[in-house]
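Here is the structure we will look at.
The values are calculated or read from the model by the stated rules, or taken from the named source; none is laboratory data. No experiment lies behind these values; they were computed from the predicted model shown. All Cβ positions, glycine included, derive from the backbone under ideal geometry; neighbour counts span all protein chains shown. Accessible surface is based on the protein model in full, side chains and every heavy atom, while ligands, DNA and RNA are left aside. Shrake-Rupley method; radii C 1.70, N 1.55, O 1.52, S 1.80 Å.
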Amino acid sequence: MSKINHIVFDIGKVLIHYDPHIPYSRLIPDDAERAWFFENVCTHDWNLEQDRGRKWADAEALLLENHPDREEHIRAFRKHWHEMVSHSYDDSVAILKGLIDSGHDVTMLTNFASDTFREAQKMYPFLTLSRGVTVSGDVGLIKPDVAIYKLHAETFGLDPETSIFIDDSVANVDGAKEAGWQAVHFTDAEKLKADLEGYGIKV
């Protein structure tokens, strides 16, 4: 096993919580109607394109063409986005800070819209502590595309073989491995500690 010189964190569902149902449980109280809305209007794939760099105005306009009667709920996604990132995972954040404080090279690689990421940094200042971050919305690439891992490695001078990536998505973990990185699937802080220690990284 290669010695790990670089540690790369995902952000959403690793360091901060994300759940669009938080505001929409208030906006669309009926569970069945809300499920329909997320399956047919503000879908995961629709939101992912904002992570790839599409502007919110363009994203909203696209949905309004087909769902003009849903304007309030469509525009609510961006308007109430801050409620969706309701809290940080303090035990994971403690691991992040501990690794940085002990001198490890730590960066971040995230699928995030450009503007909402800057809001998240203001809400959660620990998102500014690492050596740097690649934001998908800034670079026009998204995980698990191998190209975004290669770009991150080039940008921050990482050796893929000695880099370890932490993500809550199995697909994104697989993408990192395909790019030649080590990678672990995040489920909780205790498992992350054990995974890192298995790579010789004291937490």
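Some values worked out for this structure:
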| item | result |
| --- | --- |
| PHE9 over 30 Å from GLN182 (Cβ atoms) and in contact (Cβ under 8 Å) with a residue 24 or more places away in the chain | no |
| Residue within region 5-21 that is basic (Lys, Arg), in contact with a helix residue (DSSP H, G or I) (Cβ under 9 Å, 6 or more places away or on another chain) and surrounded by 13 or more Cβ atoms within 10 Å (Cβ to Cβ) present | no |
| First in region 165-187 and touching a residue at least 24 places away in the same chain (Cβ under 8 Å), second anywhere and assigned to a loop (DSSP other than H, G, I, E, B) and of a type in the set (Gly, Ala, Ser), Cβ under 9 Å, 6 or more apart | PHE165/ALA179; GLY175/SER169; GLN182/SER2; PHE186/SER169 |
| Within region 155-189, tally of residues that are open to solvent by 40 Å² or more (accessible area, probe 1.4 Å) and either within 18 Å of the chain's Cα centre (by Cα) or of a type in the set (S, T, N, Q) (or both) | 10 |
| Enumeration of residues in region 69-109 that are hydroxyl-bearing (Ser, Thr, Tyr) and part of a helix (DSSP H, G or I) | SER92 |
| Search result, residues across region 112-138 that are touching a residue at least 24 places away in the same chain (Cβ under 8 Å), over 16 Å from HIS17 (Cα atoms) and surrounded by fewer than 18 Cβ atoms within 10 Å (Cβ to Cβ) | SER114, ASP115, LEU129, ARG131, GLY132, ASP138 |
| So LEU109, is it touching a residue at least 60 places away in the same chain (Cβ under 8 Å) and more than 13 Å from the chain's Cα centre (by Cα) | no |
| Filtered residues of region 22-36 (kept if open to solvent by less than 40 Å² (accessible area, probe 1.4 Å) and either touching a residue at least 60 places away in the same chain (Cβ under 8 Å) or in contact with a Leu (Cβ under 9 Å, 6 or more places away or on another chain) (or both)) | PRO23, ARG34 |
| Any hit, region 38-58, residues being touching an Asp or Glu at 6+ places or on another chain (Cβ under 6 Å) and on the phi > 0 side of the Ramachandran plot | no |
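Residues are listed down the side, and each one gets a yes or a no for (1) at pLDDT below 95; (2) within 17 Å of the chain's Cα centre (by Cα):
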residue	(1), (2)
LYS3	yes, no
ILE11	no, yes
LEU27	no, no
ASP51	no, yes
LYS79	no, no
